[in-house]
Amino acid sequence: MQKVCSLPEAISKHVQDGSAVVMGCGLESLIPFAAGYEMIRQRKKNLTLICPISDMQFDILIGAGCVKKVIAAWVGNVAAGLGHNFRRAMEEGVPNPLEIEEHSNFTIGLGLKAAAMGVSFLPTKTVRGSDFSASKQFRAVRCPFTDDELLAVRAIVPDVAILHVQRADSEGNAHVWGNLGVVVEAARAAKTVIVTCEELVDHDVILSDPNRTLIQGFLVSSVVHLPFGSHPSPTQGYARRDNDFYFDYHEKSRTREGFQRWLQKWVLDVKNHAGYLAELGEDRVRKLKPEGNLFSPPVSFNL
């Protein structure tokens, strides 16, 4: 099966209206913004978005009218604070009302881990006594060995995981490093995995460093070569965080009208990711690329 395809092809094939999509799994890094923009261009609707913290990506998708439900620990703009579209949706139902399934960062990870393991829940001692611990995604249980009271976290099974990585081969075997968040758990929990990568490499490159192969090809349905596919979030070794972009979005999205103008410029008026990078400009993209190298000491894989 041919796995390498364009971003529009991957989104069209795997993300349907009503899909549950986990994305932004690396917390503040490796957020697949380009994939989110393509979902907006294709006018996906009634999505359930899953993530501990997706920075402003969820706020953009909410404002674009793509989202029905959010399963998350936090939605907003890490650098600037709250997410204006999220707030409008919750307070005013604009552009659509939102259903919320609230978690902590840790319980999102447990829910995805449970799905990855093929079990219906995993137990924890955290969030007991919180104001959302009585929600339907949690249940009080007794340990069969100690009789301690625990909280069961229901498994979270996404339809699709969209994961940005540093490099992958044509079969989807992927090298990932830096802040991993719940990348590994999401890859194993989802029914379908789309990998977007900074570099598309030969399989021999993947074999040269097996410890970094955190996503295995048999899990992956589509591979997209997409340099700067995480912009404005960072990808360690390839792209710095574009702080100015975050603050500009925060200011523009304070009003519904301002957000719509922002969306038109950065998403709807550009045909694809190449057009988005052209709008950013070569000079800005160049300045966001890390300079020099900070290599770790070499290791030997000889047996």
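The values are calculated or read from the model by the stated rules, or taken from the named source; none is laboratory data. Predicted model, so just to flag it, every value in this text is computed and none were measured. Neighbour counts are summed over all protein chains in view; Cβ atoms, including those assigned to glycine, are modelled from backbone coordinates with ideal geometry.
General remarks:
- Count of residues meeting criterion [farther than 21 Å from Val183 by Cα, over 23 Å from the mean Cα position of the chain (by Cα) and surrounded by 12 or more Cβ atoms within 10 Å (Cβ to Cβ)] in the stretch 96-133: 6
- Residues in the stretch 127-178 that are more than 30 Å from Pro234 (Cα to Cα) and of a type in the set (Ser, Thr, Tyr): Ser130, Ser133, Ser135, Thr146.
- Restricting the stretch 51-70 to residues that are of a type in the set (Val, Ile, Thr) and in contact with a strand residue (DSSP E or B) (Cβ under 7 Å, 6 or more places away or on another chain), the residue that is nearest to Gln137 (Cα to Cα): Val70
- The residue that is nearest to Gly93 (Cα to Cα), counting only those in the stretch 9-60 that are part of a helix (DSSP H, G or I) and of a type in the set (A, V, I, L, M), is Ile60.
- Any hit, the stretch 209-216, residues being part of a helix (DSSP H, G or I) and surrounded by 12 or more Cβ atoms within 10 Å (Cβ to Cβ): yes
- All positions within the stretch 134-146 that are surrounded by 13 or more Cβ atoms within 10 Å (Cβ to Cβ), within 18 Å of Ala20 (Cβ to Cβ) and more than 22 Å from the chain's Cα centre (by Cα): Ser135
- Selected residue (criterion: nearest to Ile194 (Cα to Cα)) from residues of the stretch 135-157 that are in a loop (DSSP other than H, G, I, E, B) and in contact with a helix residue (DSSP H, G or I) (Cβ under 6 Å, 6 or more places away or on another chain): Val157
- Number of the exception - Lys287 against (1) exposed (fewer than 12 other Cβ atoms within 10 Å of the Cβ); (2) assigned to a helix (DSSP H, G or I); (3) in contact with a helix residue (DSSP H, G or I) (Cβ under 9 Å, 6 or more places away or on another chain): (3)
- Selection within the stretch 130-156 - in contact (Cβ under 8 Å) with a residue 12 or more places away in the chain, aliphatic (A, V, I, L, M) and over 18 Å from Met117 (Cβ atoms): Ala140
- Test: residue in the stretch 237-247 that is free of Cβ contacts under 8 Å to residues at least 40 places away in the same chain and either closer than 27 Å to Glu9 by Cβ or acidic (Asp, Glu) (or both): yes
- Test: residue in the stretch 287-303 that is β-branched (Val, Ile, Thr) and at pLDDT 95 or above: no
- Looking only at residues of the stretch 61-95 that are in a strand (DSSP E or B) and among the basic types (Lys, Arg), we find that the one that is surrounded by the fewest Cβ atoms within 10 Å (Cβ to Cβ) is Lys69.
- Test: residue in the stretch 232-243 that is in a helix (DSSP H, G or I) and surrounded by 15 or more Cβ atoms within 10 Å (Cβ to Cβ): no
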